[in-house]
Amino acid sequence: MAPKIQLGIQEAIEKFDRNSVADRRKKAEQERLEIVKRFPIANWPKMAVEDYALGQKDSENTFCRWMEFRSMTIAGIRGGSAMKHMLFKRKAKEGWYFEKTYNTLQEAWDALRAGFVEALEYAQAGQWEQIDGVTAIYNGPALRMKTIYVYFP
């Protein structure tokens, strides 16, 4: 059996055929634009938890549903624990999940929403290195970075 030949990164870049992923890029852009349309960046400061969180009676069109399940072409964050969303209505037991540093759902949601707003403002200003320092959304790196990409590709 012939040995596998591994390309160096520069050679792989030079040989990559962008046309081979054109359909995927187009679909990913359609998903991204649909999220931006449904959840405009200007609405984040006043977004209701019901528009964000999974696990509610009617959460088919929440932000988190779109990010985890309806935009897989952009980047997959599906599966694993719902904790990646940092706040959600529990299925297995009563109530909501949010970090123990908050006393109430409203307190948790206010902080989380403010964290996303702050991160989006940093992105708008091109201060990318500041985003990881936003404490309220630190424990959701996949969602945090996919969100930033959706609004600032």
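The values are calculated or read from the model by the stated rules, or taken from the named source; none is laboratory data. Since this is a predicted model, take the numbers as computed values, not measurements. Don't worry about glycine lacking a Cβ; one is built from the backbone with ideal geometry, like all the others, and counts go over all protein chains shown. We work out accessible area using only protein heavy atoms, side chains counted, and drop any ligands, DNA or RNA first. Shrake-Rupley method; radii C 1.70, N 1.55, O 1.52, S 1.80 Å.
Please identify the trypsin sites (Lys or Arg not before Pro) of segment 95-145 that satisfy two criteria: DSSP loop assignment and at most 10 other Cβ atoms within 10 Å. Which are they?
Here the sparse-neighbourhood loop sites are LYS100.
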Legend entry - Exposure ranking of LYS46, LYS89 by accessible area [1.4 Å probe, largest first]: LYS46, LYS89
Legend entry - log10 of Debye I(q)/I(0), alpha-carbon scatterers only, for segment 6-153 at 0.09, 0.15, 0.16, 0.21 Å⁻¹: -0.32, -0.81, -0.90, -1.40
Inset, instruction - Could you tally the net charge around VAL49, taking each other residue with its Cβ under 15 Å from the Cβ of VAL49, Lys/Arg +1 and Asp/Glu -1? - result: 0
Legend entry - Note, ³J(HN,Hα) from phi for segment 117-124, Karplus 6.51, -1.76, 1.60, rounded to Hz, x at Gly and Pro: 4, 4, 4, 5, 5, 4, 4, 4
Legend entry - In nm, spacing of pseudo-spin labels at MET83 and ALA42 (7 Å Cα→C-beta vector): 3.8
Inset, instruction - Please give the residues of segment 101-140, grouped as numeric ranges, whose backbone N is less than 14 Å from a label point set 7 Å along the Cα-to-Cβ vector of ARG90. - result: 105
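At 0.36 nm per residue, minus the direct Cα-Cα distance, what do TYR102 and GLU121 gain on full extension? Give it in nm, one decimal, please.
Net length gain for the segment: 4.5 nm.
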Inset, instruction - Could you check the simple spin-label distance between THR73 and TRP128, using points 7 Å along Cα→Cβ, in nm with one decimal? - result: 2.4
Legend entry - Extended-chain gain in nm, criterion 0.36 nm per residue less alpha-carbon gap, VAL21 and LEU33: 2.5 nm
Legend entry - Violating pairs (Cα-Cα greater than 22 angstrom) within the set LYS91/LYS146; LYS84/LYS146; LYS46/LYS89: LYS91/LYS146
Legend entry - Per residue accessible area of the chain, 1.4 Å probe, in Å²: 65
Legend entry - Fraction of accessible area attributable to carbon and sulfur, the chain (%, probe 1.4 Å): 52
Inset, instruction - Please find the FRET efficiency linking ASN139 to GLU11, where r is the Cβ-Cβ separation and R0 is fixed at 41 Å, and quote it to the nearest 0.05. - result: 0.60
